[in-house]
Amino acid sequence: MTAFNEPAYASGVPAQRRLRWWGAFRTLVTKEVRRFLRIWAQTLLPPVITTTLYLMIFGHLIGRRIGPMGGHEYIAFIVPGLVMLSVITNAYGNVVSSFFAAKMQGFVQELLVAPIPNWLILAGYVAGSVVRALLTAVLVSAVAFALVDFSIAHLGLTLLFAVITAVLFALAGFINAVFANSFDHISIVPTFVLTPLTYLGGVFYSVDLLPPLWRTLSLANPVLYLVDGFRYAILGSSDIPVLNGLALLLVLTTALGGWALWLMQRGVGIKA
């Protein structure tokens, strides 16, 4: 009887652990979602207003003088870039501010001593940021549909690019929060790295318009592949093969995910 009960008991332990892990993960994600929903005027409303201004000024006013670009009306051409811009900034900004605040307030120390693995803590913060990024993308897309006449060419690919991009930049924000020692530090990367990369990443123009030298240099910008692949998913055309962008996205996400988990396991910037 004892020998018969041991396997049943052993098999029940992982189930209990999975249940505990799921509860912890759900709690982390719920906390993150409630946090940004509670301050929706600071988290969800600004991207909608910014996108509306971009579409009205660059799309309707300046776009009429520019003419078609990439085989599409200019205002439709910039829509994918604007949606991707909102995904990048919100996925990054959510986790960098939330995890840094938790680190400064000592909340992370409580998570580290809890009976949950480090990868689950990382997944909880990343998932919360993905929810915010996708919710913002939906709101921005709703504005775009109201102002621009276009349709989504590949819905599945659109969702795939949006989710993986959100995960990638959430991981980047997490790494920034780990190394940051003050609120000034968490604004350095968005100001001096993300902003130049996004605005030079083909959001408002086609790289085919650039001279050969500058086009070659632009190919070193990873955001270009994300924006261009997302443009293909929505409009059905791109300047760069879409598989290149998807492959780069997966490689960078894997690399940053491994780095973020290694930093947590080593306690860099977290453990005293």
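The values are calculated or read from the model by the stated rules, or taken from the named source; none is laboratory data. This one's a predicted model, so the numbers in the text were calculated from it and none came from an experiment. Heads up, the Cβs are rebuilt from the backbone with ideal geometry, glycines too, and the neighbour counts pull from every protein chain shown. When the accessible area is computed, the model is the full protein with side chains, heavy atoms only, and any ligands, DNA or RNA have been set aside. Shrake-Rupley method; radii C 1.70, N 1.55, O 1.52, S 1.80 Å.
Mean sequence separation of contacting Cα pairs (under 8 Å, at least six apart), scaled by the length of region 90-231, corresponds to a relative contact order of 33 percent.
With an 8 Å Cα cut-off and a minimum separation of 6 or more residues, compute the relative contact order for region 44-131 in percent. Before the final figure, lay out the partial values.
Working: 34 pairs, mean separation 19.6, N = 88.
Computed value for region 44-131: 22 percent relative contact order.
Give the accessible surface of region 92-141 per residue, rounded to a whole number of Å², with probe radius 1.4 Å and ligands, DNA and RNA excluded.
Numbers: 1740 Å² over 50 residues.
Here the residues of region 92-141 average 35 Å² of exposed surface.
Give me the net charge for the shell around residue 132: Cβ to Cβ below 15 angstrom, other residues only, Lys and Arg +1, Asp and Glu -1.
Working: positive: 31, 34, 35, 38; negative: 32.
Computed value for this residue: +3.
With the simple model of a label 7 Å out from the Cα in the direction of the Cβ, residue 42 to residue 268 spans 2.9 nm.
Ellipsoid semi-axes for the chain, based on the Cα gyration tensor and the rule √(5λ), read 38, 20, 18 Å when sorted largest first.
For region 66-152, count all C-alpha to C-alpha pairs, find those more than 20 Å apart, and express that count as a whole percent of the total.
On the way: 1891 of 3741 pairs.
Roughly 51 percent, rounded to a whole number.
The stretch between residue 18 and residue 192, if pulled fully straight at 0.36 nm per residue, gains 58.5 nm over its current Cα-Cα span. Scanning the chain for DSSP H helices at least 24 Å long along the axis (C-alpha atoms) with a Kyte-Doolittle mean no lower than 0.5 picks out 79-105, 118-147, 155-179, 242-266. Roughly how many Å is it from the Cα centre of region 106-147 to that of region 17-64, as a whole number? So the two Cα centres are separated by 10 Å. Were the residues from residue 56 through residue 120 laid out at 0.36 nm apart, the gain over their Cα-Cα distance would be 18.8 nm. Within the accessible area of the chain, the carbon and sulfur atoms contribute 69%, probe 1.4 Å, all protein chains present. Close amide-amide hydrogen proximity is noted between residue 236 and 153, each under 5 Å apart and 5 or more residues distant or on a separate chain (H modeled in the peptide plane; Pro and chain starts excluded).
At 222 nm, what value in deg cm²/dmol follows for the chain if DSSP H runs of at least 4 each add -39500 (n - 2.57) and the sum is divided by all its residues, to the nearest 500? Please report the intermediate quantities before stating the final value.
Details: 14 runs with 204 residues, N = 272.
Estimated from H runs of four or more residues: -24500 deg cm²/dmol.
Charged neighbours of residue 71, selected by a Cβ distance under 12 Å, balance to -2 (K, R count +1; D, E count -1).
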